[in-house]
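Participant: Handing you a structure now.
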Amino acid sequence: MQLSKRYDLHTHSTVSDGTFTPKELIDLASSIELSGLSITDHDTIDAYTDELFTYAQEKNIEIISGVEFSSGYQDTGIHLLGYCFDIHNEAIKQFCIRHKERRKDRNRQILELLKKEGMELSEDDLRDAGGVVGRPHIAGAMIRKGYVATFQDAFRLFIGDGKPCFAPGNRFSLEETIAIIHGAGGKAVLAHPILLKKRSLIKKLLELPFDGIECFYANFSASQNGEISYIATKHNLVQTGGSDFHGTVKPHSILGSAYTTEENLARLRHA
Ligand code: AMP
Ligand code: ZN
Ligand code: FE
Ligand code: FE
């Protein structure tokens, strides 16, 4: 029997805060017979090397360029997915460099707040190789130093949104982020709106020129996701899906557990 084509359009690699390298993601995608994959690392497109495309071709996995940008609307952090952009576009590369600087400042702020709570960490403790550094790396360092027992505790007690050692940093606007994605020939998709507490906020966000909305997300049920599909239909937005796979740091989000259909991917490309 011919399976319908499935594309997991939301995954993270070791280039940001996932535990699988980009090549390992392709191996895993191939082993579960996905048709294609987008590696949507946080604020970086460094996974997209020539070598990666060659490897994906060998494994018969279609690669859709992608990124998950952090952004803000009023006091709320909003994640935005960019797809199908030109990976050589200068503006998007520069934007990723600005994000690296923004994160450096923000990580310093978080380290300061942790120090006040008696948890001393240096920037060198956060990670050894390049790539984007964020709160998951800080959580890892807190565990290694013995300040907390688990990843969840680090977020729940200290660095999760609104917790004592959380710092939002200087967020870039949604408008600018969408414009940069569009300028690089890409499509802008609102990431995991199902995680936003306020439904009225989703309505507000969709006044911006989004092309799509992530309707099928991680391990949410069909009925939970259905609510977002209804909003997508009302706003004439393409319905995408992805697992938000991070590897072993988020073991409940399994690769391919949510996906985009061939039809919706075609719609996205032509949006
Ligand atoms: P950052 O981009 O530095 O703000 O870190 C955000 C990432 O941290 C998310 O993409 C998740 O992978 C992870 N994260 C956020 N909140 C939690 C939480 N409560 N528990 C575990 N991981 C979390
Ligand atoms: Zn992440
Ligand atoms: Fe996200
Ligand atoms: Fe994500």
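The values are calculated or read from the model by the stated rules, or taken from the named source; none is laboratory data. Quick caveat, the model's predicted, so the values are computed rather than measured. Backbone-built Cβ (ideal geometry, glycine too); neighbour counts: all protein chains shown.
For (1) over 16 Å from residue 260 (Cβ atoms); (2) surrounded by fewer than 17 Cβ atoms within 10 Å (Cβ to Cβ); (3) of a type in the set (A, V, I, L, M, F, W, C); (4) in contact with an Asp or Glu (Cβ under 6 Å, 6 or more places away or on another chain), each residue gets a yes or a no:
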residue	(1), (2), (3), (4)
20	yes, no, yes, no
32	no, yes, yes, no
38	no, no, no, no
62	no, yes, no, no
66	no, no, no, no
91	yes, yes, yes, no
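Participant: Oh, and also: Do we find that residue 202 is over 26 Å from residue 95 (Cα atoms) and within 16 Å of ligand 3 (Cβ to nearest atom) in this structure?
Facilitator: Taking the combined requirement at face value, the residue does not satisfy it.
Participant: I'd like to check something: does region 59-82 contain any residue that is modelled with pLDDT of 95 or more, farther than 22 Å from residue 219 by Cα, within 14 Å of ligand 4 (Cβ to nearest atom) and touching a helix residue (DSSP H, G or I) at 6+ places or on another chain (Cβ under 8 Å)?
Facilitator: yes
Participant: For residue 161, indicate whether it is closer than 27 Å to residue 184 by Cα and of a type outside the set (Lys, Arg).
Facilitator: Spelling it out, it is not the case that residue 161 is closer than 27 Å to residue 184 by Cα and of a type outside the set (Lys, Arg).
Participant: Right, next: Suppose we keep only residues that are β-branched (Val, Ile, Thr) and assigned to a strand (DSSP E or B) within region 177-228. Which one would you say is surrounded by the fewest Cβ atoms within 10 Å (Cβ to Cβ)?
Facilitator: In this case the residue turns out to be 213.
Participant: Could you say which residue among 248, 233 is surrounded by fewer than 23 Cβ atoms within 10 Å (Cβ to Cβ) and modelled with pLDDT of 95 or more?
Facilitator: None of the other options fit; the residue is 233.
Participant: In region 229-271, which residues are within 15 Å of the chain's Cα centre (by Cα), outside any loop (DSSP other than H, G, I, E, B) and among the β-branched types (Val, Ile, Thr)?
Facilitator: Within region 229-271, 240, 249 qualify.
Participant: Another question, then. What are the residues in region 141-176 that are surrounded by 13 or more Cβ atoms within 10 Å (Cβ to Cβ), part of a loop (DSSP other than H, G, I, E, B) and of a type in the set (Gly, Ala, Ser), if any?
Facilitator: 160, 167, 169
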